[in-house]
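Please read the structure below before turning to the comments.
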Amino acid sequence: MTSTIPATAGPTPSEPTSAGPPPAAKPAKLRLTTLPGLRAFASLTVFMDHSLLPLPGVNPFADVAFGDTFEAVFRVAAFGCVSFFFVLSGFLLTWLAKPTDSYRGFLRRRLVRIYPGHLVTMLICLLGTGATLWQLLPNIFLVQSWIPRYDIWAALNGSTWSLACEIPFYLLFPVILKGVNRIAPSRLWWWVGGIVGAVLAITTISNFLVPGTPQFPFASPIGMTQFWMVYTAPPTRMLDFVLGMIMCRILKTGRWINLGLLPAIGIYLGAAAVGLLLPFTYELAFVEILPAALLVTAAAATDVHNRRSLLRGKIWAKLGDMSYSFYLVHGIVVFGGGTVLRSGKLFSIPASFGIIAIDLLVSLGLAWLLYTFVERPIRARWSVARPPMKQLIPT
């Protein structure tokens, strides 16, 4: 297939320009150095929430009330981090799209990016816990999130359900990008409102019209199908990706509202606090989808305008580079090795924080190994097609 992926379009000469909108963003060659640090911080938030889930052997706090309260602090923010990652994916792919990209080359880079680490960690989980054929096959082909059953989409390395949402987005990205590029800059914010409204509609339908039984394993106020429809289903999550693409165009076409990074973080945390007051279904995606989009764009705008950022630097960059590997291994540590070694025991508050810190260090160490010896060398070798071999004998 030789079709190319179009670059993100800016305003055409026929589009009206005025003194109102701020200047358009710089070309996509600019490296967005704040986003890796923000991605690392979001990964840490998800890790903390998973470490505190009210599951046997996972949450280490003997003081149940303290453990539940501490988990609530991270819960909505962690749900929002999933929206953040999906929005970020759409934003970055749109930011980096070039007119010379081929569809085949684009898919090669994306699959080489996610598949090797997925296969390694899936094999580790398979050896450790086993799986039925109906759990294994969807995981191999990354289609498990299309099936509204927790024992399938969370089987083996449960974190990889989100990869099954990434795959259809990658397949459709060139087509969606053409459509996004046709949106007039003056209408981009209307599209943002439409996407947020669509997420609200899906959430409301799920909350009031979808049966609440059988219940989701560790979210008793909600049914399994309700949870899947709002949080795990790829068509729903496609809205997050497209929102990221539109936010990228908003920044590139000079329609960004110039919201600073710190205010964007404040909005994100404030929305998490509000989410605790709403029905659980609304915590899963709706509460944080717009704050996540604002946060991603504010971080990118910080780099575009060369503003000061505390999330730049070699350490943040390295953690950002390792964030995908960390995402793959942390669940194995939290739900697997650490849980087995603790044998269901509960601990004092200081000891529990120490256990979480140990799990974090082990997860970082395993992420470094996976990134260094699997992800990075395979990407370097296979992400770009090798040129044809030269003839040994000239003709």
(Q) Can you tell me which condition Val180 does not meet? The list is (1) farther than 30 Å from Ala155 by Cβ; (2) surrounded by fewer than 18 Cβ atoms within 10 Å (Cβ to Cβ), and all the others hold. (A) (2)
Q. Is at least one residue of region 164-176 on the phi > 0 side of the Ramachandran plot and of a type outside the set (Gly, Ala, Ser)?
A. no
**Q.** Output for region 271-281, where each listed residue is closer than 17 Å to Asp49 by Cβ and part of a helix (DSSP H, G or I)
**A.** Ala271, Ala272, Ala273, Gly275, Phe280
Q.
So for region 309-331 (the condition being closer than 22 Å to Thr129 by Cα, at pLDDT below 95 and either part of a helix (DSSP H, G or I) or not aliphatic (A, V, I, L, M) (or both)), does at least one residue qualify?
A. yes
Q: State which residue pairs qualify: first residue closer than 15 Å to Leu53 by Cβ and inside region 74-99, second residue part of a loop (DSSP other than H, G, I, E, B) in any location, beta carbons under 8 Å apart, and separation of 6 or more residues or different chains.
A: Phe74/Leu52; Arg75/Leu276; Val76/Leu276; Phe79/Ala285; Val82/Ala285
Q. Say we look at region 208-258 and pick out the residues that are on the phi < 0 side of the Ramachandran plot, among the small types (Gly, Ala, Ser) and surrounded by fewer than 24 Cβ atoms within 10 Å (Cβ to Cβ); which of these is modelled with the highest pLDDT?
A. Ala233
Q. If you scan region 221-256, which residues turn out to be more than 21 Å from Leu35 (Cα to Cα) and of a type outside the set (A, V, I, L, M)?
A. Pro221, Gly223, Thr225, Gln226, Phe227, Trp228, Tyr231, Thr232, Pro234, Pro235, Thr236
(Q) Please go through region 45-72 and give me each residue that is touching a residue at least 60 places away in the same chain (Cβ under 8 Å), part of a helix (DSSP H, G or I) and out of contact with any strand residue (DSSP E or B) (no Cβ under 6 Å at 6 or more places or on another chain), ordered by number. (A) Val46, Phe47, Met48, His50, Ser51, Phe66, Ala72
(Q) So if I check each of Thr213, Thr204, which one is of a type outside the set (A, V, I, L, M) and either closer than 27 Å to Val329 by Cβ or part of a helix (DSSP H, G or I) (or both)? (A) Thr204
Q. Mind checking which pairs have a first residue in region 129-155 that is among the aromatic types (Phe, Trp, Tyr) and a second that is modelled with pLDDT under 95 and not in a loop (DSSP other than H, G, I, E, B), Cβ under 7 Å, 6 or more apart or different chains?
A. Tyr150/Phe216; Tyr150/Met224
**Q.** Neighbours by Cβ (under 8 Å, 6+ apart or cross-chain): first from region 296-314, closer than 12 Å to Gly260 by Cβ; second aliphatic (A, V, I, L, M) and surrounded by fewer than 16 Cβ atoms within 10 Å (Cβ to Cβ)
**A.** Thr297/Leu259; Ala298/Leu259; Ala301/Leu259
Q. Among the residues of region 285-305, is any outside any helix (DSSP H, G or I) and surrounded by 23 or more Cβ atoms within 10 Å (Cβ to Cβ)?
A. yes
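The values are calculated or read from the model by the stated rules, or taken from the named source; none is laboratory data. Keep in mind that what you see is a predicted model, and the values were worked out from it rather than measured. Every residue, glycine among them, receives a Cβ derived from its backbone with ideal geometry; neighbour counts consider all protein chains shown.
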